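Undergrad: Input: one structure, supplied below.
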């Protein structure tokens, strides 16, 4: 392996600076990001074997990443505190961020230290461009950015004619192409940041934090339910209690979960419990405990049924997954 190029958030190392990693579990993906300075909580909520591919390349001070998911997951990710993140679709409909659709004509600006809740669709294909705060600030000053732009506030949505975002999308995809002929880093900085600022300053660009379709409200209910499940994952979570906690009826909760996560609340609770067992199975501190002990800590009491549910969800028996998980976690701890 060739020399490693280190940036503030990641280490990208291959012969031509292109990183391509494929993961078979969200736990391995979390370990990879943790080893590279991220706070992330990806969870598999759709049963079946999963494949996640992350492609990345650092060009000068700017990092380009592409994430592709074969199945529906959920993600709660905190962006590093020293970068601006720009999120856009690579193709199709990648899913929802903060309860809103990320379409081909949208771009999300996430300031430093922003937590984003993402629900990728199956086949999700999303791009993230990361620019250090200092570099971005220097260029915005040099390029005479509109002083009304509040780039340090909470995440902001921007919509524009697709041709405006296509320029940014095509540049990012070109930077992530295998064996790409890379321009000088300074030229990439200037081209990308000036394009982003031109897009953000465009009078046709709709700086839109409103929620005309009620998506944000639905997202908040889902997030409230997810937080409750996380806090009580080892207990007997009753759907009626979950509805009371969220302040909605059972039919409303069912409808919102189906629309936002494409899963019933009871199935989400089961998926969360299974994910909790898997995290324990792969935890160094839990290696001395039996699988039955770990399963009971996550709310399972019937071991035969638990093993069947685990295999259906992850494609492996808990005993098989424990050995695989230890190897995967160690791999990314050593990066």
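Computed from the coordinates by the stated procedures, all read-outs in this text should not be read as laboratory data. Just so it is clear, the model here is predicted, and its values are computed rather than measured. Ideal geometry is used to build each Cβ from the backbone, glycine not excepted, and the neighbour counts take in all protein chains shown.
Undergrad: Could you order the peptides 108-114, 173-179, 65-71 from most to least packed, using the average number of other C-beta atoms within 10 Å per residue? Could the numbers behind the result be given before it?
TA: Working: 108-114: 18.7, 173-179: 15.0, 65-71: 20.4.
So the peptides 108-114, 173-179, 65-71, ranked by packing, come out 65-71, 108-114, 173-179.
Undergrad: Please arrange 285, 16 by counting, for each residue, the other beta carbons lying within 10 Å of its beta carbon, fewest first.
TA: On the way: 285 7, 16 11.
Least to most surrounded, the residues fall as 285, 16.
Undergrad: Give the distance, in whole Å, between the Cα centre of segment 19-95 and the Cα centre of segment 163-194.
TA: So the two Cα centres are separated by 20 Å.
Undergrad: Let me ask you something else. Sort the following peptides by mean Cβ neighbour count (other Cβ atoms within 10 Å, averaged over residues), highest first: 287-300, 265-278. Let's see the in-between values first.
TA: Details: 287-300: 15.6, 265-278: 21.0.
So the order, starting with the most tightly packed, is 265-278, 287-300.
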